[in-house]
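Asker: Dumping the structure here so I can ask a few things about it.
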Amino acid sequence: MIKGMLNMICEQRRQLLKTIVAIGLMTFCCCDSVFAQSNGPQLKMVEHIWGFDGRVQPGQFNPLSVLLDNQTGEDIDATITLQQASPRLSTQGGQYAEKVYISAAGRRWVQFYPYIAQSYQTEWNLTIDDGDTFINAAIGKSFTQARAVTQKDDPKEVLRPQVVILDVDNSSTRPSTVKHMPENIFPPYATATSGLHTVFLDHVPDWEQPRQQAFMSWLKLGGRLHVLQDSRGEFPRFSGELGELNQPLNGYAVGGGIVVRHLIRRDALSEAIVRQAIVIDTLKGTDREAEKEIRKLYENSGRGIGEFIPIDPSSTDDELFRGMRELTRPDHAWWLIFLLSIGYIGLIFPGCFWVSKRKGRGFAETYGAIVGIALLFSMLFLVIGKRGYGESTNLQTLAIAKFEDAGHWSVFQWNALFVTSGGGYSAGATDQQILLSIADRDSSKDSQVTPGNSGEASMQIPPYSSQAFVSRRRVTADPWKLSIRDISMQASGMVSLKIDVGENFPISKDTQYMVLAERSLYEMRYTAESKQLTLFGARQRLTTYCQPRYDYDRMNPWGQQQKEIESRSVDEIFFDDTLPQLIQRSLNDDLVDTATNFELPNDRIRLFVYTPVPKDFDLTISESVKRSGRILFTKDLSLRSDP
């Protein structure tokens, strides 16, 4: 009897436990379903490609191509953002934003164009709309930036720039001597192509006009295109913007770039041909000493020679931004602040101590004196130390403009926007394929940039502070109409040079002119009567001129006093001292990390024009600002014929 009752009780308990477990599972499933619905559509990052060959070029805006897979039955119309992460995976710097639409169960490539200043690898986060980080089992909540073209995985590895062959899709594996790139992820903006060195092409890409234009802009800015025969043994026939590539010559120039045609198909593309493509800078067949030296550098270390050390672009950026910020630093009356500080200390002690020792004075009088003195001097310090020494909202600018063709320049620009009134500000440009990046890593997530023909950077800036950002644009400007009137070169260097200039050429008392021939720099002078630039200064070695000059007396009062004696203003001193640094940095567009690795081909000279920023090159700022800055124009002049 008792045993039966115990068995019945145990059975009831088992049934109750099963019921509780079933209810728990149903509740969990319902909650999980609700949670999934609350999170909205889920995306998976199937693949991501840095740069053009899986690496990045420091000092440039690099494309990041991300293949997204919509794994739901719902269309997704959202804003995808990319942001750099700190070592603890907390976001830092501004966000790169892209508006995307992905149909239900569909896939789509999305491209971002982050500015990569440093050579070391960092982490990046992708987010969608409400901040839900993409879930990907292979990558996780963040992914690592690809290595730079200047880094090696293996000490025996031969460094080379980004060289690719364009494929119709990502299924092709031949040839194995060069990296492959699907043609549909070639950037539609010319401003995103600066890190690409060489392209091999054996077919007509299926591109819309923006990509065709971007490709031709890349070529004119110094790109190297090698055309191969297709599967039928014929050269492709291009149309539209690419029609200029149909010239029936083995080699010819297109702007500052070159096109070379090879009587081979892609299967015959050997390692030797790829290596030679990296060092060809002219249409000549001879193997010049400069080409031998460049090849040796790539084969050995890819670095500088002797005591010259490559300069990381991030250090250049930091130094330029620091200098521009110092131009807006207030000139406080420090001598008066110092005297007030001494007076305040003296009144507190021994002043208040003396008051407390006088007969008839109690604690109330003593504490009252301390509070009164503190309030009085607080007001004095507020009046004397507050901002308002003639400051105004202003934009400090340094830029490098590389010649593309008679009407366009590729402009890389450093900007420091100083504001007196805190709030939201924006900077951008219209119809200039602008790319931007917030330079301050401690910027909040409210700082966001969008690329494109109507791209802009939106920033939240506190009062009396400066926000740094960089940009690259394709700017339209009137042609200069330059022509070389006379030039004489000897083994010792350039003897004479005369260049006729047009009416749109920059001319002012603050403009400086220099010419680079092979590895030597020469100063030029403008003559108003003849409207010519003529050789004026002595020869300087490019490597010596661009070598960093460390000013150890920068904080020395005597050093500051020496500078104040000069007739130039503080702004003029800064802009003049920055010229060598900008010339060095301009070589980054030649994919060279130091002046020691660079020699201009002897069939051309390079003109440098350092001048105040023309109005046509101004960025659009949401508020009225006072502007100051300099821009370095670089234009190669051919010695084979008039430019």
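Any read-out appearing in this document is the output of simple, stated calculations on the displayed coordinates, not a laboratory observation. Note that this is a predicted model, so its numbers are computed, not measured. Here Cβ is always computed from backbone atoms with ideal geometry, including for glycine, and neighbour counts include all displayed protein chains.
Asker: Multiply the residue separation of residue 622 and residue 246 by 0.36 nm, subtract the distance between their alpha-carbon atoms, and state the gained length in nm to one decimal.
Answerer: 130.9 nm
Asker: Do you know the relative contact order of region 487-529, to the nearest whole percent, from alpha carbon pairs under 8 angstrom that are 6+ apart?
Answerer: Working: 28 pairs, mean separation 10.2, N = 43.
Averaging sequence separation for qualifying contacts and normalising by length gives 24 percent for region 487-529.
Asker: Follow-up question, since we're still on this one. Can you tell me, using C-alpha contacts under 8 Å and at least 6 residues apart, the relative contact order of region 407-546 as a whole percent?
Answerer: 20 percent
Asker: Could I ask something else about it? Quick one: 449, 279, 254, 168, fewest Cβ neighbours within 10 Å first, how do they rank?
Answerer: 168, 254, 279, 449
Asker: Between residue 75 and residue 239, how many nm apart are label points set 7 Å from Cα along the C-beta direction?
Answerer: So the label points at residue 75 and residue 239 sit 3.1 nm apart.
Asker: Let me ask something additional. For an R0 of 41 angstrom, estimate the FRET efficiency from the Cβ-Cβ distance between residue 356 and residue 464 and round to the nearest 0.05. Before the final figure, lay out each step's value.
Answerer: Numbers: r = 40 Å, r/R0 = 0.97.
According to the calculation, E is roughly 0.55.
Asker: Quick one: what are the phi-derived ³J(HN,Hα) couplings along region 580-597, Karplus 6.51/-1.76/1.60 with θ = phi - 60°, whole Hz, x for glycine and proline?
Answerer: Once θ is set to phi - 60°, the couplings for region 580-597 become x, 5, 5, 5, 4, 5, 5, 5, 4, 6, 8, 6, 10, 8, 7, 4, 5, 8 Hz.
Asker: Could you list 567, 119, 426, 378 so that the one with the fewest beta carbons within 10 Å of its beta carbon is first and the one with the most is last? Don't skip to the answer; put the middle values down first.
Answerer: On the way: 567 5, 119 18, 426 14, 378 11.
Ranked by crowding around the Cβ, least crowded first: 567, 378, 426, 119.
Asker: Given axes a ≥ b ≥ c from the Cα gyration tensor, I'd like to know whether region 334-385 is rounded (a/c under 1.5), prolate (a/b larger than b/c) or oblate.
Answerer: Note, shape of region 334-385 comes out oblate.
Asker: Region 218-276 to region 430-504: how many Å between their Cα centroids?
Answerer: Between the Cα centres of region 218-276 and region 430-504 lies a distance of 29 Å.
Asker: When the chain is fully extended, how far beyond the present Cα-Cα distance does residue 572 get from residue 120, taking 0.36 nm per residue of separation?
Answerer: Once the chain is fully extended between residue 572 and residue 120, it gains 159.3 nm.
Asker: Note down the relative contact order for region 334-385 as a percent, whole number, built from C-alpha pairs under 8 angstrom at least six residues apart.
Answerer: The value is 44 percent.
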